[in-house]
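Enquirer: Pasting a structure below so you can have a look.
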Amino acid sequence: MGKKSSEQHGKKFGHDPDFRGPLHHRSCTDVICLLLWVVFIAAWIAIGCVAFVNGDPTALLHPKDSSGQRCGLDEGVKNKPYLMYFELTNCVLNTSPLLATDCPTTKVCVSECPQKYFAFSGLKRYDDIINDLYCTYGTKEKLLSMESITNAVNSGKCAAWYVPSQRVGKRCLPVPKINSTLLKRAGVDVEEFIDGQTITQNLTHIGETILANLEDNWPWIAGFMGIAEVVCIVYIILMQFLAGVMVWLSLLAAVGLNAYCVYACYAKYDELRTKAPEESSSAVLANKDTWLVLLILSSIMLVIVLLVLLFLRKRINIAVGLIREASRAVACLKSTLAFPVLSWVLQCIVIAWAIIVTFFLLSCADTTYRFTKSSEISCSNNEYNPGDVCDPSNFTSTCGNCTEQPFKYKEYVTYFHVVNIFGFLWGMCFVSGFSEMILAGAFATWYWTFKKDDVPFLTSLWSIGRTVRYHLGTVAFGSLILAICKFIRLVLEYINAKLQKYDNIFIKAVMCCLRCFFWCLEKFIKFINKNAYIMCAIHGKNFCKSARTAFNLIMRNILRTVVLDKVTDFLLFLGKLAVTAGMLALSFYVFVDRRQDSDEYNLVPVFLVGVGTYFIAHVCFGVYSMAVDTLFLCFLEDLERNDGSPQKPYFMSKKLLSILGKKNKKNK
């Protein structure tokens, strides 16, 4: 029964006296996928060129008035860089006030935003109107009579009312605390506008406060990022000599931190529970239920870590052996530590290209102007009918306005956006896969060299050459599958957002199941891809054969894989958390405790330091993770190929052999 089950997962690797790791004689793999990748890149570049020719990102950065002129850029409005809206309520009810690309109201470029209240219904004297009135044509001196001012306001040529405003992204938006009583007396209904502006004003205030905080603290944040990188390098160096000590210290640190979190959460929960209801605040951190949830989560984490220590202590020793092997490999192949930088640079290129193309595509729009008749003025023999296309440059009618229509993209833009998004996903996956295969080839060469001192000097360079010459198609194949899965997940998120307005439990359940399924599928594909790249780097087979070989090898050793490999990943994860927690504690002391103030925005730099430190640790430990995964598959293959006899010696180190209870026998 066991033999039959083993055969279901392929034949075991047999002994080959000539096998010494990554094969030198191999052929190109998955050439069709490589051609598809090249064609797609060419198409992506062509889309970018079309966007560059037809798009103009300055249209997004510089707002346009109702005549299509870019404020502060085009002739006639170069000295008027800010945009003002005549009917602000329309902007709030129809679009985002911060963008207002399709705000259905007259828009005019101004040299400075209004600083006073004004309503045409009589709140101000005639002289004040002459001085403060904002119009879409001519100068203030042309409006010499009250009759001309009345006609201009009624026809929409001049603003009927406005309030003190501030500059937000080259647009004039009302300041907080608008005097609604004053405007109501003038007959202006601005209640909906004031309600809609509340969120924008609050976000603007928060954004300005955060930016000011970051401006004051950026040298400290940059310094902490540098310290984090140094700490990660020191941690990696210590791992080369004290792998076991560092792993066990990380475990004990995780236990200690979790135990302290449990104590702190319980103490805070108990304190808030004993408070009278009226003493409690509505803030999240002042709610006892928040601390109860945190208490439960930290308790669960503590139990998990304790169970890992209790039941998997023997496996931890083997995992430590694997990490020690990875440390030796990294120490021998120091150039591999530079690969995260290479991967990061390539990913930055992909991100920059996708963002640039996106901005140019967003500005590829057809701008049309149509006549809108004013309801207050009756005209005879008017040359325009409502809805007629008009040209604002030679528009002379006094019966209405030549108004810019809502932003309308060119027909091809939507499809180009889809290609650009998919290109971004495929490009990022391709860069990650490329780096993984190079590292896999280098570490596999190290493992399958019997005497580690004989490892070729240019191992990493040879691995790059093999990958570029033979296996870019395999990288393209694996990254394409992963990109498709990621794209489907994005589509599902978009559909889910659109369906939020429908309160249908069945639809929500279906969407939840689909999102969960494709999340799990993406994780599985990542796992298969990484192992397929490792086997391809060693044996030189195409993606499907490499994936099948890796999957069968893992399934033949499923218990070792689930327990040992995942324990190793968990230990490396604890290392990342240890570095991140240390930097968070230090930054919290510098930005919060040492200053002894209650400014909640001081937590923003602490948050940035934490995120940045974890990213740096993830990049540095990513080399270790790839080394462990590669050595683990080589370790499993070594156990199948060899038995420790003089004719079939194991390639693993003596320490790893002793942990497994195996040894290489010597000739008698």
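All of the numbers you see were taken from the coordinates with simple rules; none came from a lab. Owing to the predicted nature of the structure, the values given are computational and were not obtained by experimental measurement. Every residue, glycine among them, receives a Cβ derived from its backbone with ideal geometry; neighbour counts consider all protein chains shown.
Enquirer: By count of other Cβ within 10 Å, fewest leading, how are Cys28, Cys516, Cys109, Cys33 ordered?
Expert: Cys516, Cys28, Cys33, Cys109
Enquirer: A follow-up question, please. Sort His539, His618, His471, His25 so the one with the fewest other Cβ atoms within 10 Å of its own Cβ comes first.
Expert: Ascending number of Cβ neighbours within 10 Å: His25, His618, His539, His471.
Enquirer: Something else now. Between Ser653 and Gln240, what is 0.36 nm times their sequence separation minus the Cα-Cα distance? Round to one decimal in nm.
Expert: The Ser653-Gln240 span can extend by a further 147.2 nm.
Enquirer: Still on this structure, I have one more. Points 7 angstrom from Cα along the Cβ direction at Ala497 and Arg548: gap in nanometres?
Expert: Roughly 4.1 nm, to one decimal.
Enquirer: If we count other beta carbons within 10 Å of each Cβ, what is the order of Leu310, Leu482, Leu553, Leu36, fewest first?
Expert: Leu310, Leu36, Leu553, Leu482
Enquirer: Let me ask you something else. For the range 474-620, just say rounded, prolate or oblate: build the C-alpha gyration tensor, square-root its eigenvalues into a ≥ b ≥ c, call rounded for a/c under 1.5, and beyond that prolate if a/b exceeds b/c, oblate if not.
Expert: It comes out oblate by the Cα gyration axes.
Enquirer: Report the calculated FRET efficiency for Ser111 and Met301 (r = Cβ-Cβ distance, R0 = 41 Å), to the nearest 0.05.
Expert: It comes to 0.10.
Enquirer: Please give the net charge around Lys486, taking every other residue with its beta carbon less than 12 angstrom from that of Lys486, where Lys and Arg add +1 and Asp and Glu add -1.
Expert: Local net charge: +1.
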